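The next block holds one structure in the form of structure tokens; read it before the comments.
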Amino acid sequence: MKKEKLFPLGGPVSEEDIVDRENFLSSLTNRLLEGQSITLAGPRRIGKTSLALEVLRRLRKEGCYTAFVDMFRISDRRDFALSIIDACLENRTGIRKTVSELIGNIKNIAGSASLALKLRDLEIDFRLLERDRDESRLLDYALDLPDELARKEKKQMVVVFDEFQEASRVAGGEIYKKMRAHFQMHKNVSYLFLGSKEDLMKNIFASSKQAFYRFALTLPIPPIPEDAWIEYIARKFASAGLTADEDSVREIVKLTGGHPQDTMIVCSEVYHFLLEASEKKLSLETVRIGYERALYALSPLFDRIIDELNENPHSGKVLKRITRGERAYSRKEHPNEVKRAIDFLMTKGVIEKSGRGVYKFTEPMFQEYILRELS
């Protein structure tokens with residue numbers, strides 16, 4: 001039997017591991033039920049996908065149809081269209097890759113008949129699914145399918161696009177105009193747009209020059225309060241028969257800054273160290289050991305981020321100043337060069353603005369990693 005992870009890592013988490021988000025989840029669910037379209041933006045690994053999947057679970061309980069499309073995993077326009085079609089048709093067929101099943105069973109009369117019965121009124125032109133057919137027509141069909149399906153079933157449909165800013169990479173810069181042209185006509189669908197590049201998402205939805213201007217309401221993702229983290233961490237350790245005093249747990253939250261993924265990684269490393277050492281109680285020392293192990297585990301990710309940041313020649317100098325707690329701007333550099341570097345770092349989700357001319361890391365453990373590299 002597979003053993004459940006005490007602290008889940010590496011992907012979306014279940015409802016019980018979403019810490020202190022109930023009010024936000026309820027608000028998000030109700031807004032989508034009412035037909036509002038919503039935008040959530042924030043750095044990767046802060047839990048946006050977990051929140052979205054939990055909202056979809058709640059919406060299905062309310063009788064809604066739902067669809068989830070991960071733009072990060074899509075390579076081109078055809079793949080984009082098929083991903084939307086698959087996500088929509090799964091509501092009827094229960095099959096995640098319905099299009100593949102349709103193509104695979106096209107010569108199997110019994111199999112095709114079974115699927116055709118479930119899809120009888122959607123007027124799917126099977127010729128469109130063939131690889132050499134017109135991608136534009138296929139995409140038009142896919143973009144209208146959520147509303148068509150919702151209308152025929154007399155249901156509300158909610159569609160999530162994860163990493164929405166990747167749409168232009170997948171389907172070209174004009175894709176936003178095409179999507180807006182379709183979506184604004186939909187009466188039975190609300191959309192949830194997730195994005196990890198906040199500046200790009202802001203430009204897509206807040207710039208009057210962009211097709212999606214004011215199409216969706218942007219909601220800030222609230223931070224997780226320190227006391228909520230402490231209660232959750234202590235409860236999880238207690239469920240494994242381990243004692244966690246408040247000072248030790250608070251130290252975990254202090255070291256990670258409450259960053260969702262990093263907090264989980266540190267807790268996981270503390271837990272596994274306790275198992276290896278046959279200890280039953282957290283201490284400040286075991287927390288420090290777990291933190292060092294987590295920092296080592298994160299080092300390949302942090303090294304990759306640093307490599308990406310080297311694309312901008314001035315970002316390194318600016319980042320070092322922010323890392324040391326200094327002001328981002330320097331008299332030795334032209335303000336425009338510093339501004340471009342800051343915009344680049346914010347687009348990458350590394351820093352965020354905390355005051356006029358003041359910036360901080362979105363991930364305190366990354367700041368600690370760079371500090372050690374500088375020393």
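The values are calculated or read from the model by the stated rules, or taken from the named source; none is laboratory data. This structure is a prediction, so every number in the text was calculated from the model and none was measured. A quick note on method: Cβ atoms are made from the backbone with ideal geometry, for glycine too, and the neighbour counts reach across all protein chains shown. Accessible surface areas use protein heavy atoms only, side chains included; no ligands, DNA or RNA. Shrake-Rupley method; radii C 1.70, N 1.55, O 1.52, S 1.80 Å.
Which value in nm describes the separation of the simple spin-label points at Lys254 and Ile289, placed 7 Å from the Cα toward the beta carbon?
Using points 7 Å along Cα→Cβ, the separation is 2.0 nm.
Between Arg214 and Thr93, what is the label-to-label distance in nm when each label sits 7 Å out along the Cα-to-Cβ direction?
Computed distance between label sites Arg214 and Thr93 equals 4.0 nm.
Once the dipole of the chain is set up with Lys and Arg at +1 and Asp and Glu at -1 on Cβ about the Cα centre, which of Val159, Thr49, Ser248 lies farthest towards its positive end?
Val159
Stretched out fully, how many nm does the piece from Arg304 to Asp134 gain, at 0.36 nm a residue minus the Cα gap?
Between Arg304 and Asp134, full extension yields 57.4 nm more.
State, as an integer percentage, the relative contact order of the chain based on alpha-carbon contacts under 8 Å between residues 6 or more apart.
19
Note the listed values [x] 42; [y] 58; [z] 47, then indicate which one is percent of Cα pairs over 31 Å apart calculated from this particular structure.
[z]
With a 1.4 Å probe and all protein chains in place, put Ser207, Ser239 in order of accessible area, largest first.
Ser239, Ser207
Full extension from Asp245 to Gln36: what is 0.36 nm times the residue separation minus their Cα-Cα distance, to one decimal in nm?
70.9 nm
Looking at Pro335, Met185, Leu371, which one has the Cα that reaches farthest to the positive end of the dipole of the chain (charges on Cβ: Lys, Arg +1; Asp, Glu -1)?
The Cα lying farthest towards the positive end belongs to Met185.
Can you give the extra length, in nm with one decimal, that the chain gains between Ser75 and Lys332 once fully stretched, where that is 0.36 nm per residue apart less the Cα-Cα distance?
Full extension from Ser75 to Lys332 adds 88.3 nm.
Tell me the per residue accessible area of the chain using a 1.4 Å probe; a whole number in Å² is fine.
For the chain, the solvent-accessible area averages 52 Å² per residue.
Got a sec to turn the phi values of region 134-151 into Karplus ³J(HN,Hα) couplings, 6.51 cos²θ - 1.76 cosθ + 1.60 with θ = phi - 60°, whole Hz, x for Gly and Pro?
4, 5, 5, 5, 4, 5, 4, 4, 5, 5, 8, 4, x, 6, 5, 5, 5, 5
Helix-only mean residue ellipticity at 222 nm, the chain, DSSP H runs n ≥ 4 weighted -39,500 (n - 2.57), per residue, nearest 500. What is it?
Calculated mean residue ellipticity at 222 nm is -17000 deg cm²/dmol.
In region 181-333, what percent of the accessible surface is made up of carbon and sulfur (1.4 Å probe, ligands and nucleic acids excluded)?
Here it works out to 51 percent.
What does a probe at Ser14 reach in region 60-74, counting residues whose amide N is under 20 Å from the point 7 Å along Cα→Cβ?
60-62, by backbone N distance to the label point.
Can you give the accessible area of Lys254, probe radius 1.4 Å, in Å² rounded to 10?
Rounded to the nearest 10, that gives 150 Å².
Taking the Cα-to-Cβ direction at Ala297 and at Glu279 and moving 7 Å from each Cα, how far apart do the two end points lie in nm?
Those two pseudo-labels are separated by 1.7 nm.
If ligands, DNA and RNA are left out, what is the accessible area of His272 with a 1.4 Å probe, given in Å² to the nearest 10?
80
Heavy atoms only, probe 1.4 angstrom, no DNA, RNA or ligands counted: give me Arg293, Arg78 ranked by accessible area, highest first.
In descending accessible area the options line up as Arg293, Arg78.
If you average the C-alpha positions of region 61-82 and of region 298-331 separately, how far apart do those two centres end up, in angstrom?
34
Cα to Cα, under 15 Å, and not fewer than 8 places away if on the same chain: which aspartates and glutamates meet these conditions relative to Lys348?
Output for Lys348: Glu163, Glu166, Glu198, Asp199, Asp303, Asp307, Glu308, Glu311, Glu363.
About its Cα centre, what dipole magnitude does the chain give when the only charges are +1 on Lys and Arg Cβ and -1 on Asp and Glu Cβ, stated in debye to the nearest 20?
The calculation lands at about 820 debye.
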